[in-house]
Structures are given as C-alpha cells and as structure tokens.
1. Would you list which lysines come within 19 Å of B:Lys107, measuring only between C-alpha atoms, while excluding same-chain residues fewer than 8 positions from it?
2. Short version: what are the Cα gyration tensor semi-axes of segment C:276-385, square root of 5 times each eigenvalue, largest first, in whole Å?
3. Want the number for C:Glu242 to C:Lys579: 0.36 nm per residue separation, take away the alpha-carbon distance, what's left?
4. Relative contact order for chain C: what is it in percent, counting Cα pairs under 8 Å that are at least 6 residues apart?
5. Please give the charge dipole size of chain C, origin at the Cα centre, charges +1 on K and R Cβ atoms and -1 on D and E Cβ atoms. Round to the nearest 20 debye.
6. Which residue, C:Ser565, A:Gly198, B:Thr217, has the largest displacement toward the positive end of the dipole of the protein assembly as shown when charges sit on each Cβ (Lys, Arg +1; Asp, Glu -1)?
7. For C:Lys117, which lysines qualify as cross-link partners when the Cα separation must be under 27 Å and same-chain residues fewer than eight apart are set aside?
8. Suppose only helical runs count, i.e. DSSP H with n ≥ 4. What mean residue ellipticity at 222 nm does that imply for chain B under -39500 (n - 2.57) per run, divided by all residues and rounded to the nearest 500 deg cm²/dmol?
Amino acid sequence: MKYTYYPGCSVRATANIYQDSIDAIAPALGVELEELDDWNCCGATAYMSVRELMSFAISARNLALAEKYHRDLVTPCSACYLVLNKTNHYFNDYPEMRKKLGQALEAGGLSYSGNINVRHILDVVINDVGTEKIASLVKKKLKGLKVAPYYGCQIVRPEMGFDDPDDPKSMDILIDALGAETVKYSLKTKCCGASLMGTEEKMALKLCRELLADAERNGAHCIITLCPLCQMNLDIYQSKVNSLFKTKFKIPVIYFTQLIGLAMGVKPEKLGMKRLGVKVSGEMKRIIEGA
Amino acid sequence: MKLKAGIYWGAGCGGCDVAVLDVHEKILVVAEKMDLLFWPIALDFKYKDVEAMDDGYLDIAMFNGGIRNSENEEIAKLLRKKSKTMVALGSCAHIGGLISMANFHTKETIMSRVYLESESTDNPDSVLPLEKWNGGKEELELPRFHQMVKTLDQVVDVDYYIPGCPPVPDQIVSALSQVWEGTLPEKGSVIGAGTRTLCDECPRIKEEKTITSFKRTVEIIPDSEKCLLEQGLLCLGPVTREGCGARCINSNVPCRGCYGPLEGVHDQGAKMLSALASVLEPKEEKEIDELIGQIADPLRTFYRFSAAASILRRKKV
Amino acid sequence: MAVRIGVYICHCGTNIAGKVDIAKVVEFAKGLENVSLVKDYKFMCSDPGQALLQKDVEDGLIDRVVVASCSPLMHENTFRKATERGGLNPYLFTMANIREQCSWVHIDSGQTTDKAKDLIAAAVRRAFLLEPLTKREVPINPRTVVIGGGIAGIQAALDLAEAGKKVVLVEREPSIGGHMSKFDKTFPTLDCSACILTPRMVSVGQHANIELMTYSEVEEVSGFVGNFNIRVRKKARYVDSELCNGCGACWEKCPGTRVPRKGNVHEKLSLGPTTPIYMPFMQAVPAIPVIDTETCLYFKDDKHACGLCAKECERGAIDYEMKDEIVEFEVGNIIIATGFQTFDPSVIKRYGYGEIENVMTALEFEIMNCASGSTGGKILKADGGVPGSIGIIHCVGSRDKHYHDYCSRVCCMYSLKYSHLIKEKTDAEVYEFYIDMRCFGKGYEEFYDRLLTEDVRFVRGKVAEVTDVPTCKAEEGKLIVKVEDTLIGNVRRIPLDMVILSTGLEGHATLREIAKKCSVSVGQDGFLIEKHPKLGPVSTATDGVFIAGACQSPKDIPDTVAQASAASSAVLSMITREKIEIESATAEVDEDKCSGCKLCNTLCPYLAVKFDEEKGVSVVNQALCKGCGTCVAGCPSGAISAKHFEDRQIFAEIEGIFSGL
Amino acid sequence: MSFEPKIVGFLCNWCSYTGADLAGTARIKYSPNLRSIRVMCSGRIEPTFILKALYEGADGVLIAGCHPGDCHYQEGNYKALRRHRMLRMILPGFGIEPERVRLEWVAASEGERFATIVDEFTEEIRSLGPLKVRDSLEMVLSEDVILNLDTAMEEGGDANEA
C-alpha cells in the first residue's frame, strides 16, 4: 500500500519521535509513504482565524501538489488532518472559495480539481492494514498493560471521517489487537489545552491535569495519542502540572505507533522511547521489559 | 381463378425474398394459387410491366424492405396503385427494421462515413453519389437518398403486415393462405404472427423479476431453462409480438424485437424501457445509474428494429 | 352516433374571469371538434350552475361534460354527481383546472387566456375518449381487528364492542395496557394511571364482543376493505390460560431471574416479578404468567432439571411443550394502534447513558415511581441511597437534527410531573434543563405555573454533556451536567446525584413491518402517514385501514384516546354502510393480450396483480387495485390498461394541448 | 417576441398536483408556460407519454411525484425515477438534450417549491431554445417528398425504363 505522505512541521521538529516510530513500523505493516515533494505548512489552525483565504490557499497548495501523485494523502498530525480536510471541504462545497483558491493556485502555476482524499495515519493503520495483520506481527505480549486511548480534539471536530466523533474506537481496538488492555477513558476527545499553552498557560495546565487525573483514576499505565500537539502537551508539561497543582503524575504519554513498535519487538531506542519527557517506569517498564 | 401477385424489395437485405423461397416445396402450393407477375429479385420483370397494368390489377403486392430512397418510395406508390391488397413483408417494411437505425444519423454523416471516412474506403477525389449526371448526350438520374428511413405505411396505405426479420417461412405461407382462402382479418392487422408477446411462446420458466445486473451475451452462458431477462440479458421478448416460434430464444439468445410491438403499444423501445425500469432493484439515483450504465448501447438495443416506427422517428437536427 | 361534448366555463366570480378572457375562451371552445355547446357561468359549483349542465344532459343535448373551473381536487366530485343526476355516467365528465393552476398563478392575462384555451382543448380531447365506468361495491365484514393493546387499542376496541360489534384485539406483549400501564401518575391532573386504566383493561378482558389475543403478533394481512384475512401467531406462553388462575405460586418459588442477580437498584427495576416465569405487572390482563425461555432454568438446561413451577402449580397449567399457534380469521376493517417506543439515548454518548451510573431514562424513572414496582415507588440512586439532587434533561432525541427533528410533545409535561413527584417524595434539589417549555394542552400551562412555585430550578439550555469526571472537590462522586444557561449567558457545571433523560417518542421498531403488511406508508419521521394531515387524521391511503394513537405521531393520553374513538367511529360508519364503493378507475388485464411474462407481478404495492397459473396470465384483483397505474406503465405488451387514464386518453390530452398551435 | 417555451407537466394526483394547487391557493406567481396533465401516480407516467409530448411540440417535459418514501402508492415514484434515468440515456440519440425532461419531487405542502421549479425549468428551457420535433421532422420529410405519382409518371415515365 503506497501513499503520499504529508509529515507536517511537528513531526520534523518537536515530535520527531513520532516520525521515528512511524519509520520503524511502516515497512512491517506494508505501508509505503512517499513524501510529498516541496510541501509547505498546512495553514495551521490559528492562522485560519486570522487570514482565512491566505490560510486556505497555503493549504490548497499542498493538495494541488498531491494530486499529481494520484494517491491518498496521509498525515500523522491531527492539526494537518483537520486543516487539509477543511480546505478540501471548502474548496468542493463553496463555489466562491473554489474560484478564489483556483485563482491563487493558478498564479503559482498550479491547479487543483478537488479529488484528493486526505487521511490520518491511524485510519490507514486500522482500516487499510487492519488489526488482524497487526495482531499477527505482535512479538512481545503487552498483557496487563493498561492503556488510556486519548484522541484529542482536532481529529474528531467537526467530524472524524473514519470513526464515531463522539466515541471513537479505532485506538481501542488497536490496543486490544496488541494484547494490552484498554482502560475506560471518558475524556478521550476532550481538549488538552495545547493551543492555550502560550497564552493562557494556567488554563491549559488545568485541562492537562484533568486528562492525566482521569487516566490515573482509571488505572492507566500510559496514555497513547495520535497527535504531536497532544503528546507534547501531556508529556513535556506534566512536570509543570505537578508543580502547579501539587500532583504526582508519572504517566508516560506515547504515540500509538510507538505502542505498536513495542509490541512488534522493535528496540525502544528506535522508537524514540528514550526521548520521552516522562520516562517509562514501574509497572509499564516491568511489562515491556519482562515480556 | 388464380390470384395475381407481385413481390418487391425496397431498402433491405433480401432476406425476406429468401424467406419466401425458403417455404421449400410449399412454393408449389403458392404457385398453384398465385401467378407471380412481378418479382425483380427472382424473375425478369420491368417497372414498365407494372406501369402497364390497370389500377388494382394485382390482387396482392408484398413489399419488403424499408423506404430509404426515392426509388423505394416511387415503386411503393406504384404498387399500391396497381394492387388491391398491399402487404408490408418483414421488419423493414413493417417498422423500419435494422436499417432504420440509420435514422439516428443524418444523411450527411452517413454519406461521409460511407464514401469518405470508412476504413475500407478508397476515394481520393472525395466523390459522392450524384442524383443527376449529365453525360452530354443524355442525362442520367439516380434515385435520391432520403434524409431518413421510413416504414411502408409512412408512404402508402398498407392493408396487412407480416412481421419478422425475416418472417418465418411457414408464417408467410399461412398468411398467404388467408389471402386465397379469403379469411383475412380487419384491414391494418398483423398477419402471420400471434396476438401476444413472445413470452407466450417462450418455453422458459418465468418468475417474478427483479433485475440487479445486466449481462451481455458474450459474458455468460445462460441457463437454458430460465427466463433470459431474469438472468440479466436484455431480452426484448416481453415487448415483441410472438409468431417466430421463439427462434432466438431456443438458441439461447435473447429476443431482439424483430416482430415489433403489439397493437396499442406506440413505441416499442420506450415501452421496453418503461417495463424494464419498473423491475430494476435500486432506488437511489446513483445506484440506478450504475446499473443502467451496464446496458450496452441502450438506444440501439431498445430500438434495434423499430426506430422508424418510433414516436420520434429519427435524430432531430 | 357522434359524440357531443358540452363545455362549461366558470367565471368563479372574478377569480377566473379577472384574468382569463372568458369571451375569447368561449369562442375558442366553440371551434373545437365534437363540441356541441359551450356555456359560461358566474359560479359553476353553485346550485344553478350545476343545474345548467344537469339539464343539458337530461335534455340529451350532450353526452360528455367538460367543466373548466377550479381544481378537480376541489369540485370533481360535485360535477360528477351533477352529471350523474342528469342521467349520464359520472366518468363521462372531466375537468380543466383554469383557476388554481392558471388564473391564480400567472400575471399576464393574454398568456393566462392562452393557457386556459390549451387546458380546455386538452380536456375536450380527453372527454371524447372517456368511457363509462361502473360503480363497484363490496360487502363489509362487521368484525374489526385492532392491532395493539395500549390505551389507544383498548379505547377503540371498547368503543366498537359497546356498539355491539365484534372485535379481535391483538397485543404483542403478554398483557394489554401498553405504556400507560407503566406510569404511576398522569399529567397534569396527577391522577393514578392504574386507577383509570385498570377498569378498562378488565372490561376488555371480560367483554363478550372482544376476543383478546395477547402475546400474539400479526403475521400476514391479505384481502381488501371489508374483507381482510388476518393471520396471527400466538406465541407460546408455556402456561395454559384455560387452567391458570393467576395465583402466583409459580413465580414465588421460581429460582431464576430476568435481571442481573448482582445488579444495582436501577438494573433491577421491574414492575412485576423478576423471575423467568412472570406477569409483566400485577394488574395484567389476562392475569396469566408467561415463561421467558431465555432466562428460564428449565429451558436453559438441556437436562430440563428445574421444572419447579410445574411442581408448584396445583392446576397443572405449566406446559413446557407448548408451541406457537397460528390463528386465521376474517375482518372488515383494521385499526393500527401499535403505539411508540422511547428513543434509545445510549447513542448520544455525551449523556453517558449505559456508561455512567445514575443516568436513567424517563421510562425507567417512571417504573421506579410506581408504588407496585421494585422500589415500592421510592426514588433511589443506583446504590440504594436517596438522591440529594436530580437533573432532568429535556428533548433527548427530539428536536435534534441528529436524531429526530420533531417535538415529542409529551416530554415537557412528564418532566414537570417528575419534578413534582421528586419534590413530593424527597428533599432533593431538582433541575429541569429545557430548550423551550411546551405546555399546550388543557391544564398544562397551569401545571407549569404550579411547578414554578415548587422550588424547581429551570435552566434554559441544551445540555452539552453528562460526565462523572470531576474537576473540583464539589464534583467528586457526582454526575456533572455541563450546560449553557442561555438566560444568564454562562456555561455551568452542575453536580448532581442523578440524571433523568427525557427521551422522545418514536414509531415502534416493528411499525414498518406492520405498515407494509397493511399497505400503509411510513413517513420520513418514522410514523404512519394518515390520509390527510388535517381532514383525514385517522384513515389511511388504504381503505379499511385506520390508525390511532402514537403510531401516527407522538401523542399524550387525551389525544390518543380521542383519536382512538375517532378511528372506531370511522370503522362503525363503514360497518353501518354494510357495503362500500371501491375505486372504479382500476387497472385491467386484457387476457387475450397477456403473455404471462410476470413482469408486472412485483409492481403492485397492494399485491393486486397476481399470476393465474391456470390461465397462464396475470390478473388484477379489482377489489385490491387502487388505480395508481404503475403496472400499466410496466406492462410491456400493453395488455394492462388503466381505466380512466388510458394511454389513448392521455395521448389525446397531449395532442389537445398543442392543437391550438 | 422572445421565445416562450411550452412545457408539459405530468403531475401525480396526491403530492405534486396538490402542491401545484397550493401554489394557486397561495397566489404564488410563476411562469405560464406549463400545461399539466394529472395522473394518479408518477408510476403511471410512461416514457411514451414524454416522447409523445416532445413530438407534439413540447419544448420541455416536467415529471413530478411525491418525495421518495412519501408516495401515496408506496413506491410508484421509484419507478418514475428509474424510468426517467433510463429515458435520459436514450434522448440524445434522438437529438434531444436530456435536460429537457426533468423529474422533481413536490410534496402537497410545497406550493412555493413547485412555483420555483416551474420558473427555473422555464428559464432553462428558454436558454436551450425551441425544440420543434414535429416541425423539424416535417421539414425533413418535405425535402424527401416524391411528386404526385400521376404527375411524376406523366413527366418522367420514360425514365423508368430499365
């Protein structure tokens, strides 16, 4: 299965462990990712509310480039997934926007017909690769590992495309397929506060605390996520949450791709496990190393 | 007294004339009852022989082939004048026949296709048929190629129709016997055929129909016991008059509609379309389009034999 | 003899004459083929107007009638009758609609007049080809089947039975009573539901004219108005109703359970015994238990070791070998009263139903309130404690684009009733989260006013979510309702002990199936479509099939009872007629032309077209045919014709439209 | 004078004809180009009727039935839909734009919608221009016309010698 790959900025910087873990497992899953040549910023969420048209135009450039590949465009980042899909939607459903974007692209010597399918890498893993195949690749039993699936907000709002936005289950079934245990995690689609971290830090930390507390209350050994922003927020800022709210959270927050890698027996270093903010310890360490 | 008869071919393939010959030994019965006074394909007669006849001299004229050019039309009118009974023999004279599929093209496109564009054409000077040619001493005149194909009854008054492409020989004899026995039905009737559609004489098992896919004959070997339409083959039997003895059906091939529709059906193609659409399975526009998209050349499938007799008759220009 | 058509052109005061040049149209009509007289009149539908054409028919001046006036939907019948009074077959009349679809809708008077001419020319051509049709009558079987034994079915059955007519009442559940039997009090009067319902249920059980079939389902309906055949499956109860005296010894000794053994208070909610052999509630009619084979130990165990109830039954009424029974009978009319089911709120994940303890549906809360139920009418939390605060969320599944667009009409009122009951029984704080309060019935607004004085907190806003994840101390161990209070313009988080979801009403899951059996249509909202939304609320497109209660739309009890009585009186009016005229303009097969291709066999929604194996042709059952013409268009050989809408008549109309060109 | 299209409408009795009546009752104004023929159900409408209307001189044909799921006769409108989709496939063969035959769902309560549809359709047909099937056919036939037989023979009888 070959796809056009749109990495987005995060996985090439703050979230490079995401990229590492994808690289480590993709060949085994039979997923070939050909990077979109000359891609640019997705347009990002914040910019969209400041200069909408400009933002759409930036985003549409990626879609126009991708069209030449005649394949689905896959991104690992929820923000990119949201923005690219939103651009697609506006381009296809609003003739006025289509016209304007068409002109903008034309000025850059490009054109777009609106036929690119933008997908999240989780969608590819669950629906194209399939849990059956994933289960067959498991070498290390993760039995007893309690995992809280955290989907975050951008992938489900306003709609998810490949799962129920109110109660997504894709990572839940993935956890089952890997032999670990899904913990009930009712905040799975609540905001982690990432976009507030620069402006309203205390509010953002409060949102993080709620997510961490609920995971801990439900006995989770770790949280898995599919978004570079969520991961960074919950992982890097965990110590700040602890100092502000006098809590003692020590919950590793990893990418679902890392969990797959661990189960497949990939060396933790290759998955970027050593570069996490909150290191794997206690029960989780015992299960991972013991298995 | 022997009946006086004439047979003529208009625009056709000659299959109907052959069908007349195919009555085999029964031709003797025919010969006993009738004198053939005009049959250009088989016997040496001239138009002037016909012209010389008194009006109504012939008891019966059987005209096969459609009306494609001015000669066809002239002779149709001439024979009408000279005969008491005018019979349209075969699909072309009856409902236009295969040749009337030409009505989906204009005269110009046909001419250029045949004389200029076709793969086998060698015509470097782009010469097209002329209607008149002046050779200095004398002027030659060729029949004019008409804009469209017409059925016989679109140019003259027709008394009876014997359908089929070609008509079944036995049916020709039985129709003719009605002439000499004086048992002809009401004027305008179809003779030498049944009063129901082909499904009546089709021996296959018919069930209630819900069509989920269309197949072409090259794609499957149909079950020879079951209704072909139910197997997804576009069989025009339901909309076609019986009388052929289900020739195609018995060869495991769907009916193509040569015997034409029953009385009261104004447009064989549209009727088939209406009936067929009724029993398709899908209800959503997209699914419907997907399914009917499987029909190869729907226009010429539904109107294979009856284009000239259809309501619209031709492609509008 | 030549056809003589009379054309009558109506001015309709100035309604037509104001826009259509009547004089020109009259002149035009006079010039049409086969028209022997043309008259115009101020109001054709008036008595003198009708008399005008009637007399011309009587005098033998004309033998076809065309009236150009309003819509046939308005006055076709009027003029048909006038034609008939004149001595002509009413089907030799036709109409041209030059008002609703002409003079009222166009601006340019010249174009309007031209259109009127075309429409009249079309009608005249059609009239020329019209054929007389015979009126057809069928006798009506005086017996009626009522499907559904809720309050609607009970009311309809009793009305008919009291009038001396035989009724078969078919109920899916082991007892009649429906949803109303699960209610404790009814709004707004707060009278006890059981007290008003039970006597009616008993009357149904005892009435000589009512044959009651409970735990039974209608399997097949065939036939047509006045002459329906009904096939019912009586499901095996495993208790012989002839022998059982309802003593209860069986369930008292039964060791099994239908509810989770270790379940909490809410999971164990029940009105009747929770054993596998049970009565749904104590006032059940008939008072005969039934065995739930899913949970019964005898049936679950291959060795059939249990058998305790059979040992306990003094009358030997328990019969484990009992089989389903098929019963067939004939009736003249059908009343569908299958009621509603409540919306399943578990699909709204945000409200946590089924996930979070103490989030319950209205119906569960209703059962909890019932004095004879498993909590003895006490309002309790899942752990058995007394709630200190309760929230009621309105419009769950109703007025919501994602679920049902419509308002369920009863939720506001029952929610108010709950507030009152909670206040009466506990000291709990009560919150009502509403979008709009809809208190439209008699005494409803007064009830709302009363609740406003009972210290209930009304919060106007659609609840975003119900969660058990706390964000502060005060929320720990509570359900938190997150809602935008639109009256103060703030998002609030309100910690509560219990949340009741006021779930909406929807057509019963089996409604589509029963509708199909009875040839009745289901609308996009999932309820049955009545004949006319205003003027035919209890009849349907199928003659002899009537509807009552919440199967037509969400309804409260008074409206349901009213509609049930309306349905039964409609049935009575049919029965009293003894005979009914049925559609004359039906489809007909010319058997000489039909080849038996069976193409038409699947087309009829009323199953009127059947294949006659003996003759080898398809035939249209004239009594079942409603004249839609679908089979006619589908018949490839032209063997089926539509009386009054024949091909040639429609062709003539088309030609008429263009005859003036 | 600008081209005034003539459109034939086939309306089902229960939804569309009633909807059209409602437009009247509400005095909603719309183009006067439609001439309606009432049938009981859109399931009765045969492609033959449409071809006939086009042949006789209609520039466009409107078929209107109940919305899917709301058919008075349960499923007649689905048959109308399928027939319409199939008819669209063959119309170009007869040189007729498929857009000239339009299928719409109009409920009994949709008077305004009916008026809008008629207005829109009228304008669409206006922009497509006149159809004139019959006129064009007659013109073609006149090009082919054979002289009266008797005169033809008098004038050119000799030419027939073969």
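Please treat every number below as a calculation from the coordinates, not as lab data. On a predicted model such as this, the values are computed, not experimentally measured, just so you know. Neighbour counts run over all protein chains shown; Cβ positions are idealised from the backbone, glycine included.
1. B:Lys132, B:Lys150, B:Lys315, B:Lys316
2. Ellipsoid half-lengths, sorted descending, are 32, 24, 17 Å.
3. 117.5 nm
4. 14
5. 580
6. Most positive-ward Cα: A:Gly198.
7. In chain and number order, the partners are C:Lys19, C:Lys24, C:Lys30, C:Lys39, C:Lys42, C:Lys55, C:Lys81, C:Lys643, D:Lys6, D:Lys29, D:Lys52, D:Lys132.
8. -7000 deg cm²/dmol
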